[in-house]
1. Based on what the data block shows, is R34 open to solvent by 30 Å² or more (accessible area, probe 1.4 Å), in contact (Cβ under 8 Å) with a residue 60 or more places away in the chain and either under 20 Å from V110 (Cβ atoms) or outside the structural domain of D94 (by TED's automatic domain parsing) (or both)?
2. Restricting to segment 166-181, name every residue that is within 9 Å of the ligand (Cβ to nearest atom) and touching a strand residue (DSSP E or B) at 6+ places or on another chain (Cβ under 6 Å).
3. Among the residues of segment 199-215, which ones are surrounded by 18 or more Cβ atoms within 10 Å (Cβ to Cβ) and either more than 14 Å from L184 (Cβ to Cβ) or within 13 Å of the ligand (Cβ to nearest atom) (or both)?
4. Let me confirm something: among G56, G13, G27, G52, which residue is in contact (Cβ under 8 Å) with a residue 60 or more places away in the chain and either more than 16 Å from the ligand (Cβ to nearest atom) or not hydrophobic (A, V, I, L, M, F, W, C) (or both)?
5. Looking only at segment 138-165, filter to residues that are near the ligand (Cβ under 10 Å from one of its atoms) and aliphatic (A, V, I, L, M); which one of those is most open to solvent (accessible area, probe 1.4 Å)?
6. Tell me which residues, restricted to segment 194-216, are part of a strand (DSSP E or B) and either without any contact (Cβ under 8 Å) to a residue 24 or more places away in the chain or within 16 Å of R146 (Cα to Cα) (or both).
Amino acid sequence: MRAIVAAPDTPEGFRLTEVPNPVPGPGQVLVEVRHAAVNAGEIRHLGVFPAGSVLGHDAAGYVARGATDGSGPREGERVVAFGAGAWARLAVFDVDSVAVVPAVVDLAEVAALPMVGLTALRTLRTSGALLGRRVLITGASGGVGRVAVQLARHGGAYVVAAVGSAARGAGLAALGADEVVVGLDAITDPVDVVLETVGGPSLVTAWGLLAPGGVLHSIGWASGEPAAFPVNSTFAPGPARTLRSFGDATAAGPDLAVLADLVARGVLRAPVGWRGSWQRLGEAADALRGRRVAGKVVLDLD
Ligand SMILES: NC(=O)c1ccc[n+]([C@@H]2O[C@H](COP(=O)([O-])OP(=O)(O)OC[C@H]3O[C@@H](n4cnc5c(N)ncnc54)[C@H](OP(=O)(O)O)[C@@H]3O)[C@@H](O)[C@H]2O)c1
């Protein structure tokens, strides 16, 4: 079958090539992938993947073979899935990391959601009640940000979306941002929750904006810059402020079903900012690295 694999010997770091078909084990389904999404980390950290390994984690398509124990979706069902090896004609996923897609939801759109949707959903869920609380989302122009803005607004929060330039803020108000700010300097009122995806100075400044009792989720480090916290900035009297790491994409299936249902009900719009053939991955990766994609890259496995 055709697949995109890690290729450290090429300038891009990947290649579209022939590889053996994957073989599902017990409790796994074989999926014929029609659309796959590209995550920022998969492009920025290509070097961590062993040469020849099939890349990608986000996919949508049709079940080609159900699990032998009868669990999970059946052959022919439309599914969205999360797991290693997604950028391939055929991919194997654990049954608990797959969800059936409602008929009204487009497979190319739902393919954009696994990694970023799980991240936004799970961090917001562990933030306590959102109704009437101020939620700051940094890197809001990106994939995680564009989902998080919508879900936070749906949860009743007052949403502050921070971006790198006015142009990168386009479309965020329509998605539910109450304020779109360029950088964090203009924010004066404390925030109760932060979804922080930029890292470096953004993380430090966002921490300083956190209200007593608030929670900051350190999701990503898109800037690649180090963070230097001023002395005593983690000390404050009163209710504790919390800094949480995030990296839990396990047993994704039930939450993928939640995300697909939110799309079906018109609550969530998949943030597809670039869509094209998987043969154009190099072009898409350049656009992602150059911060020219408003949300996600979705590849068609044509
Ligand atoms: N912990 C986890 O499990 C998890 C899950 C998903 C993602 N992540 C990480 O979270 C971060 C965001 O993910 P994403 O999918 O939303 O990425 P993305 O689509 O690339 O968005 C990242 C945003 O960060 C901003 N940014 C600021 N400085 C940047 C720089 N030097 N280079 C690139 N972007 C910069 C950009 O906004 P402006 O152009 O508006 O400045 C960009 O839109 C990434 O670091 C990713 O690896 C972690």
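1. On the way: open to solvent by 30 Å² or more (accessible area, probe 1.4 Å): yes; in contact (Cβ under 8 Å) with a residue 60 or more places away in the chain: yes; either under 20 Å from V110 (Cβ atoms) or outside the structural domain of D94 (by TED's automatic domain parsing) (or both): yes.
Criteria met by R34.
2. At the first step, the residues of segment 166-181 found to be within 9 Å of the ligand (Cβ to nearest atom) are 167-169.
G169 - this is the single residue of segment 166-181 that is within 9 Å of the ligand (Cβ to nearest atom) and touching a strand residue (DSSP E or B) at 6+ places or on another chain (Cβ under 6 Å).
3. Correct list: G199, S202, L203, T205, A206, G214, V215.
4. Numbers: G56 fails: in contact (Cβ under 8 Å) with a residue 60 or more places away in the chain; G13 fails: in contact (Cβ under 8 Å) with a residue 60 or more places away in the chain; G52 fails: in contact (Cβ under 8 Å) with a residue 60 or more places away in the chain.
From the options G56, G13, G27, G52, the qualifying one is G27.
5. Step one: filter segment 138-165 for residues near the ligand (Cβ under 10 Å from one of its atoms), giving 138-148, 161-165.
If we keep only those that are aliphatic (A, V, I, L, M) too, we end up with 140, 144, 147-148, 161-163.
Values: A140: 0, V144: 28, V147: 0, A148: 0, A161: 0, A162: 5, V163: 10 Å².
Filtering first and then ranking leaves V144.
6. Across segment 194-216, the qualifying residues are V194, L195, E196.
The values are calculated or read from the model by the stated rules, or taken from the named source; none is laboratory data. These numbers were taken from a predicted model, which means no experiment stands behind them. Quick reminder, even Gly has a Cβ in these numbers, built from the backbone with ideal geometry, and neighbours come from all protein chains shown. The protein model used for the area step is the full one, side chains on, heavy atoms only, and it has no ligands, DNA or RNA in it. Shrake-Rupley method; radii C 1.70, N 1.55, O 1.52, S 1.80 Å.
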